[in-house]
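The values are calculated or read from the model by the stated rules, or taken from the named source; none is laboratory data. Keep in mind the model is a prediction, meaning the values are calculated, not measured. With ideal geometry, Cβ positions are generated from the backbone for all residues, glycine too; neighbour counts draw on all protein chains shown.
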Amino acid sequence: MMNFFRKYTRAILIIVILVFVGSIFWIGSQSIGGASTDARTVANVFGNKISYETFMSLYNMSLRSASKDSQIDLTDDQKKHVKTSVLYELIQTEVMYIQAQKYGVDVSDAELKAYLLNNPMFANNNKVFDINRYYAFLNQINMTPKQYESFFRKQVAGNKLKEELYSSVKVFESEFAAAHKANPKVTVSDMSRAKGNQILNEWYMGIINKGFADRKIVVNDKLFGEI
């Protein structure tokens, strides 16, 4: 795997939600028609379908979270922003998972279990996994354990791929010297992360652009507009 990373350092990806913000109207214009979607599919990402049910579960959870954080009722424009952000996040998850599979990054059942058991969101006051909190969360987002764990496995696989990709980024001495001269507080770690972000975002946007152009990524514009 590391041979691949060394060879294709300029063709790696990371997904940052903010990357998508400038593409909101572009994506909408490219998705009209929904030739590769059905009535209950919000989007089709290289053959992986994002169902209406999955979208609504995460959309409603995001609305509750955003409303709680702002402590006021969200405006229609704010709700539209949340809706678009959730769509992008779900597309991101599918693309990352597909790329992880492509390059042999797997998540075993044992790994998935460990991630869930160590998730502080599901821990009690003694910092121990609480099955009741886990099921309360599932009830809140209206997902079964199987549905959520399938979705979470994809997220974990994508995160593992990102970390593998970050670890392959090299900062050359000349690059660090120039950056350190401009900002003495900069570290090699800072530079590695920033360089990784740039390289990986470029790759990701290349995948997204080609996916929409080739209609391998298709948003069901009619269904999405009705939500």
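Quick look at the values:
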| quantity | calculated |
| --- | --- |
| Residue pairs meeting the criteria (Cβ under 6 Å; at least 6 apart or on separate chains; first of a type outside the set (Gly, Ala, Ser), in the stretch 76-94; second outside any helix (DSSP H, G or I)) | 90/50; 91/45; 92/15; 94/45; 94/48 |
| In the stretch 183-201, the residues that are in a helix (DSSP H, G or I) and without any contact (Cβ under 8 Å) to a residue 40 or more places away in the chain | 188, 189, 190, 191, 192, 193, 194, 195, 198 |
| Unmet requirement for residue 164, which otherwise passes all of (1) surrounded by 15 or more Cβ atoms within 10 Å (Cβ to Cβ); (2) at positive phi | (2) |
| Sole residue being among the hydrophobic types (A, V, I, L, M, F, W, C), out of contact with any Asp or Glu (no Cβ under 8 Å at 6 or more places or on another chain) and over 29 Å from residue 92 (Cβ atoms), chosen from 128, 171 | 128 |
| The stretch 132-146 - residue that is among the hydroxyl-bearing types (Ser, Thr, Tyr) and part of a helix (DSSP H, G or I) and, of those, farthest from residue 121 (Cα to Cα) | 135 |
| Some residue of the stretch 162-178 being β-branched (Val, Ile, Thr), part of a loop (DSSP other than H, G, I, E, B) and touching a Ser or Thr at 6+ places or on another chain (Cβ under 6 Å) | yes |
| Residue among 185, 170, 160 that is under 17 Å from the mean Cα position of the chain (by Cα) and among the charged types (D, E, K, R) | 160 |
| Among (1) under 18 Å from the mean Cα position of the chain (by Cα); (2) outside any helix (DSSP H, G or I); (3) over 19 Å from residue 97 (Cβ atoms) - the single one residue 218 does not satisfy | (3) |
| Among the candidates 132, 159, 220, 183, residue that is in contact with a strand residue (DSSP E or B) (Cβ under 7 Å, 6 or more places away or on another chain) and modelled with pLDDT of 90 or more | 220 |
